[in-house]
Amino acid sequence: MASEAATETTRRDFLYVATGAVGAVGVGAAVWPLIDQMNPDASVRALASIEFDLAPVGVGESFTITWRGQPIFVRHRTEAEIAEARAVPMEDLKDPETDLERVVEGKEQWLIMIGICTHLGCVPLGQKPSDAKGEYNGWFCPCHGSHYDIAGRIRKGPAPKNLVLPPITFLSDTIVKVG
Amino acid sequence: MSGNSSYNPTGAVEKWFDERLPIIRFSKEHLMDFPTPKNINYWWTFGAVLAFILVVQIITGIVLAMHYVPNSELAFDSVEAIRRDVNYGRIIQATHAVGASMFFAAVYIHIFRGLYYGSYKAPREILWILGVLIFVLMMATAFMGYVLPWGQMSFWAATVITNIFAAIPIIGDPILALLRGGFAVDNATLNRFFSLHYLLPFILAAVVGLHIWALHVPGNNNPVGVEVKSSHDTLPFHPYFTMKDLFVIVVFLIPFSWFVFFAPDILGHPDNYIPADPLLTPPHIVPEWYFLPFYAILRAIDFDMLFISSKLGGVIFFGGSIIVLFFVPWLDGSKVRSGNFRPLFRPFYWLFVLNFLMLTYLGAQVAEGIYVLLSKVGTAYYFAYFLIILPIVSRIETPAPLPASISESVLGKAEASGEKG
């Protein structure tokens, strides 16, 4: 009698499994808020996009602004620098991208990137005239020795990718919106 | 090891209590009468040193939390206020900060002792695994504690180390956001690190409890690596080893105190006295000395391997350098525990120690030129030691003859047998 009951699916088995399932869902529902509270909160997510004016930046100058707590590198490149960036053969690049893919067409002099090394998130040097610019005359990450060229492309060192480009829109000739 | 209790409750009250909660019996068995091999040397005292430092860290930490403010605007100043304004705060803060370094100094000695004397071998595998787990918890705790003063090194250590998780494919970025609570390391990160830094030491203490439990099942290993065979091989833990441990703790407190009183900052970095600046990376980021070997391994992988990027590769080797420790009991197949009886093992072991020291040195150097090459060589040897040398050496070597018992190793053959007869 007992062995017969064990092989047969009964109402009791169903209730047993159903109770367990409800319990598991309940525990999941209770745990999720405790995990999700660690994600970026509303005040962080609400950080709007920013706009800024490029007019005061002279040729060959750089400046840094903050967007979502991250530095944005803006560089007004010289003709020579643009030519240098374009002359690099694709096979020399670890993360191949042409210079044109990294700037807005018609605004090739403006290079706007997130100034965070794609290796482990340090801020590379190269924004100030006195900074080390690395072996490729662009940016140099002092943490683990990644060298970026004048288009922000990784050339040497442990970083896997080129410096990331933020979403940008030219609202006018000199007003740029990031985000 | 049960059955060695010499506890005989005297009087009705003690007896009544013992029948309901045998905590006095337990303490007597495990803290006083526990049979301990009589030949263990001074390298065996660091377990007690570590237990002592854990208590010091928890007590000083609880006190510091009474004055520290986990807020990105106030944290830096609150630590300065502890050092300048709080009564004895200068000493308490220094003890906690130096204590972290002392903790790692002692744990490295403890781990290398285990590696030399084969303390990880059967039946002590779980004991060893719990030890590695403690080491991992210590690293997590120390890292988050280092972030709390919110200086430049704190901030950039938090940035670099949390970024390690971003290297994981697909789930990396969501994990990164979850860890940081924002697009970048910020106040939310500082707050959770403080919360976890307070939590983890108690988890650590619980795992230490398991570690000691796992130790008390087979009992201590010893320098000859021969199991305890009779009561002639052991002495009660108290007073013989409590006194020895206490003596070493006192000696250990001499350098500890020297750092606390005369050079509380010598193990840190001047850059951490600059408040955190998210827009300016210090020119040379260096972790605390106790992370340097693993940091050198992380940086050594600056080349892609097949479809694995250099970034992910570095993280895999970094994580792998710890994870490999969990498998040491099965990588080393030698039946002989102690390195004293393993002529072929010994040179490789000492080379491993030297290599570890070299990696420590390299982790503090700039990632350029010869240092990168040496880091690669050091990383290669680190993994080769565990994955190639230990398995092969343990299978081809002819160990030296082992003494029949611990007593024999201490007293010589004739006397030991005379003692038995």
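The values are calculated or read from the model by the stated rules, or taken from the named source; none is laboratory data. The model shown is predicted, which means the values in this text are computed figures rather than measured ones. Note: ideal-geometry Cβ built from the backbone for every residue, glycine included; neighbour counts use all protein chains shown.
Residues A:K133, A:K94: which one is surrounded by 14 or more Cβ atoms within 10 Å (Cβ to Cβ) and either within 23 Å of B:I301 (Cβ to Cβ) or among the polar types (S, T, N, Q) (or both)?
Numbers: A:K133 fails: either within 23 Å of B:I301 (Cβ to Cβ) or among the polar types (S, T, N, Q) (or both).
That would be A:K94, the only listed residue that is surrounded by 14 or more Cβ atoms within 10 Å (Cβ to Cβ) and either within 23 Å of B:I301 (Cβ to Cβ) or among the polar types (S, T, N, Q) (or both).
State all residues of region B:294-310 that are modelled with pLDDT of 90 or more and either within 26 Å of B:E80 (Cα to Cα) or more than 10 Å from chain A (Cβ to nearest Cβ) (or both); if no residue qualifies, say none. Scanning region B:294-310 gives B:F294, B:A296, B:I297. Which residue is farthest from A:V176 (Cα to Cα), if the candidates are limited to region A:94-106 and must be in contact (Cβ under 8 Å) with a residue 60 or more places away in the chain and away from chain B (no Cβ under 13 Å)? The qualifying residue farthest from A:V176 (Cα to Cα) is A:E97.
If you check B:L200, B:L215, which single one turns out to be touching a residue at least 24 places away in the same chain (Cβ under 8 Å), closer than 30 Å to B:F76 by Cα and not charged (D, E, K, R)?
Details: B:L215 fails: closer than 30 Å to B:F76 by Cα.
Being touching a residue at least 24 places away in the same chain (Cβ under 8 Å), closer than 30 Å to B:F76 by Cα and not charged (D, E, K, R) holds for just one of B:L200, B:L215, which is B:L200.
What residue, among those in region B:365-381 that are small (G, A, S) and away from every other protein chain (no Cβ under 13 Å), is surrounded by the fewest Cβ atoms within 10 Å (Cβ to Cβ)?
Let us first name the residues in region B:365-381 that are small (G, A, S), namely B:367, B:369, B:375, B:378, B:380.
Those still in the list that are away from every other protein chain (no Cβ under 13 Å) too: B:378, B:380.
Details: B:G378: 23, B:A380: 14.
In this case the residue turns out to be B:A380.
Say whether the condition of being surrounded by fewer than 12 Cβ atoms within 10 Å (Cβ to Cβ), under 22 Å from the mean Cα position of the chain (by Cα) and within 13 Å of chain B (Cβ to nearest Cβ) is met by at least one residue in region A:61-71. Checked region A:61-71: no residue is surrounded by fewer than 12 Cβ atoms within 10 Å (Cβ to Cβ), under 22 Å from the mean Cα position of the chain (by Cα) and within 13 Å of chain B (Cβ to nearest Cβ).
Looking at region A:136-149 only, could you name the residues that are assigned to a strand (DSSP E or B) and more than 9 Å from chain B (Cβ to nearest Cβ)? Can you show your working first?
Let us first name the residues in region A:136-149 that are assigned to a strand (DSSP E or B), namely A:137-141, A:146-149.
The answer is A:N137, A:G138, A:W139, A:F140, A:H147, A:Y148, A:D149.
When B:V107, B:V98, B:V69 are checked against the criterion of being modelled with pLDDT of 95 or more and over 19 Å from B:S257 (Cα atoms), a single residue qualifies: B:V69. Considering only residues in region A:150-179 that are part of a strand (DSSP E or B) and closer than 25 Å to B:V315 by Cα, the one that is farthest from the other protein chains (Cβ to nearest Cβ) turns out to be A:R155.
Table: residues versus (1) in contact (Cβ under 8 Å) with a residue 24 or more places away in the chain; (2) outside any helix (DSSP H, G or I); (3) within 14 Å of chain A (Cβ to nearest Cβ); (4) within 20 Å of the chain's Cα centre (by Cα).
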| residue | (1), (2), (3), (4) |
| --- | --- |
| B:Y240 | yes, no, no, no |
| B:F252 | yes, no, no, yes |
| B:D271 | yes, no, yes, no |
| B:L292 | yes, no, yes, yes |
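Of the residues screened, B:V324 is not one that is more than 19 Å from the chain's Cα centre (by Cα), of a type in the set (A, V, I, L, M), more than 9 Å from chain A (Cβ to nearest Cβ) and assigned to a helix (DSSP H, G or I).
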